[in-house]
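The values are calculated or read from the model by the stated rules, or taken from the named source; none is laboratory data. All figures in this text were calculated on a predicted structure; none of them were measured in a lab. We place every Cβ from the backbone using ideal geometry, glycine too, and count neighbours over all the protein chains shown. Areas reflect the complete protein model, heavy atoms only, side chains present, ligands, DNA and RNA absent. Shrake-Rupley method; radii C 1.70, N 1.55, O 1.52, S 1.80 Å.
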Amino acid sequence: MKKEGFSSRIGFILAAAGSAVGLGNIWRFPYLTAKYGGGIFLLTYFVLMLTFGYALLLSENCIGRMTGRSPIGAFRKLCRNNGITGKIVATGGWINAIVPMIILPYYCVIGGWVTRYVFVMLSTPVSDFNAPGVPTDCFVDFLSSPVQPAVFFAVFVAITALVVCLGVEKGIERFNKVLMPMLILLIIGICIYCMFLPNAKAGFTYYLKPDWSKFSYMTVVEAMGQLFFSLSIAMGIMITYGSYMRRQDNLVACVNHVELFDTVVSFLAGLMIIPAVVAFGGESAANNAGPGLIFIVMPQVFASFSGGQIAGAIFFVLVLFAAATSAVSLLETNVHTLMQELRLSREKAIICCLVEVMIIGIVTVFGYNLLKNVHPLAFIEQFKNKDILDTLDFISNSVLMPVGAIFTTVLTIWIVGLKKICAEIRPENGKWYRELLYRFCMVVIVIPCLLIVLLNATGLLK
Ligand code: TRP
């Protein structure tokens with residue numbers, strides 16, 4: 001297959017940012033921040049982003065640009081001639097390739113929830129959400145019936161599949177260039193509005209002021225999982241994007257932009273939702289936050305001002321777009337892996353991926369109703385009180401991604417060598433201010449950090 005390069009630096013930034021910004025920023029980040037103590041989670045996330053996330057993002061892009069391959073091929077190529085060690089490290093490519101296959105099904109389930117809320121905003125008077133209990137019931141009742149969530153899930157998968165089958169990614173990317181800035185403007189507008197909600201001050205304090213007493217291993221584990229998810233690292237996506245870059249492109253500058261953009265969107269999404277949660281339900285509501293947070297809180301925000309109906313509908317449509325572009329690139333990645341590794345035709349690869357998504361996705365949907373009490377992995381302590389969606393999310397973000405990241409790190413510092421990697425990254429004409437930080441992170445911080453996360457996730461560290 002012919003590989004197309006990005007025609008410009010801005011092309012790369014937009015593509016990488018488009019895949020980075022999605023439900024991770026708008027749905028996942030706010031609920032985790034609310035649940036894990038607000039300010040302290042935010043601070044942990046920022047620190048990890050600047051050190052750990054930066055190092056991995058840069059390494060992955062660099063590996064991609066060096067080899068010009070997607071993850072499995074890139075690992076294989078770099079590990080050649082390294083004997084048995086090389087063979088072991090090369091399996092890391094596979095871990096990187098499996099993660100998006102686990103994420104896509106439940107990503108589409110959430111995409112289905114977003115689709116449903118577009119309809120809710122168009123068909124239900126938003127003032128209904130002013131009544132106590134209604135916002136939660138509206139979400140919980142929806143989840144506990146098996147049919148509706150399955151239908152909306154199927155609709156979302158169909159949209160994604162259609163885009164991939166027609167090969168019109170370029171078309172929606174053009175859309176995205178307009179819609180993404182619109183989404184950000186709308187979020188900023190809602191943030192400003194939320195500042196003036198009664199009680200919002202307590203919410204801002206909760207979000208912005210770290211409370212050290214709430215810090216635990218779990219804060220780091222979840223912040224790191226979120227970092228992987230949000231930056232789309234440890235799953236080969238950035239290796240693939242890096243492989244499209246040209247020699248003369250400034251890797252450091254590109255990575256800086258993606259990192260900055262992604263973090264700003266997450267931060268704003270938190271600023272929009274968390275003060276509102278505290279304003280409407282107090283701090284206890286924040287501590288009990290779960291994956292339904294944005295679906296329960298945002299309708300309340302929209303119900304509290306005139307014109308909220310339209311704003312709400314536009315909001316969910318824009319989120320739907322952000323989700324769809326990410327889902328498309330996840331599906332593309334999986335299709336690409338099957339085509340290259342199993343030598344399937346494009347059509348067959350698409351069908352295989354869709355069947356997998358439908359099966360795992362439907363099981364995830366039923367996890368909230370028909371299968372509520374029959375969690376297949378309930379015998380494992382870590383999964384006891386988790387729904388199927390949470391379980392998939394945990395396995396991919398807190399277990400497989402750290403493992404994948406360890407492989408990437410080993411590949412970078414042992415197999416290829418930091419010297420070669422840094423020479424590749426260092427821009428020809430330009431400065432690389434964080435080179436020392438990068439080296440330090442790769443050698444000293446990344447592996448111990450990942451090991452702690454893994455041990456904790458598997459329950460070995462108590
Ligand atoms: N980063 C995306 C988000 O924040 C989610 C995501 C994870 C993703 N892996 C991906 C998107 C791979 C595209 C490709 O929502």
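Figures for the structure shown
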| read-out | value |
| --- | --- |
| Computed over the chain: relative contact order in percent, which uses C-alpha pairs under 8 Å that are six or more apart | 35 |
| Two-decimal Rg/Rh across the chain, once Rg and the Kirkwood Rh are taken from alpha-carbon atoms | 0.95 |
| Length released on extending from SER216 to VAL155, taking residue separation times 0.36 nm less the Cα-Cα span | 18.0 nm |
| Helix-only mean residue ellipticity at 222 nm for the chain, each DSSP H run of n ≥ 4 adding -39500 (n - 2.57), per residue, nearest 500 | -23500 deg cm²/dmol |
| For segment 49-56, Karplus couplings with θ = phi - 60° (6.51, -1.76, 1.60), whole Hz, Gly/Pro x | 4, 6, 9, 5, x, 4, 4, 5 |
| Phi-based couplings in Hz for segment 332-348 (Karplus 6.51, -1.76, 1.60; Gly and Pro marked x) | 3, 4, 5, 4, 4, 4, 5, 5, 6, 8, 9, 6, 7, 6, 4, 4, 4 |
| Convex hull (Cα only) mean projected area of segment 233-272, reported in nm² to one decimal | 3.3 |
| Span from the segment 16-62 Cα centroid across to the segment 103-152 one, whole angstrom | 26 |
| Karplus-derived HN-Hα couplings along segment 228-241 (A = 6.51, B = -1.76, C = 1.60, θ = phi - 60°), whole Hz, x at Gly and Pro | 4, 4, 5, 8, 6, 9, 6, 9, x, 4, 6, 5, 4, 5 |
| Extension gain from LEU418 to SER306, taking 0.36 nm per residue of separation minus the Cα-Cα distance | 34.6 nm |
| Residues ASN373 and SER123, FRET efficiency given R0 of 51 Å [Cβ-Cβ distance, rounded to 0.05] | 0.95 |
| Entries of LYS214/LYS372; LYS214/LYS386; LYS77/LYS419; LYS177/LYS209; LYS209/LYS384 with Cα pairs more than 23 Å apart | LYS214/LYS372; LYS177/LYS209; LYS209/LYS384 |
| Spin-label proximity, ILE84 to segment 402-420 - amide N less than 18 Å from point 7 Å beyond Cα toward beta carbon | 415 |
| Relative contact order (percent, whole number), segment 299-452, Cα cutoff 8 Å, 6+ residue spacing | 12 |
| Order by protection proxy (mean Cβ within 10 Å, highest first), peptides 174-180, 134-140, 48-54 | 48-54, 134-140, 174-180 |
| Where ASP141, ASP262 fall by accessible area, highest first, once all protein chains stay in place (1.4 Å) | ASP141, ASP262 |
| Residue-span extension gain [PHE440 to LYS384] - 0.36 nm each, minus C-alpha spacing | 16.3 nm |
| 1.4 Å probe accessible area per residue over the chain, in Å² | 41 |
| Sulfur and carbon atoms: percent of accessible area, the chain [1.4 Å] | 67 |
| Magnitude of the charge dipole, the chain, Cβ model with Lys/Arg +1 and Asp/Glu -1, debye to 20 | 1460 |
| Relative contact order, percent, segment 263-388 [alpha-carbon distance under 8 Å, six or more residues apart] | 10 |
| Virtual spin-label span in nm between VAL134 and ARG426, 7 Å along Cα→Cβ | 6.4 |
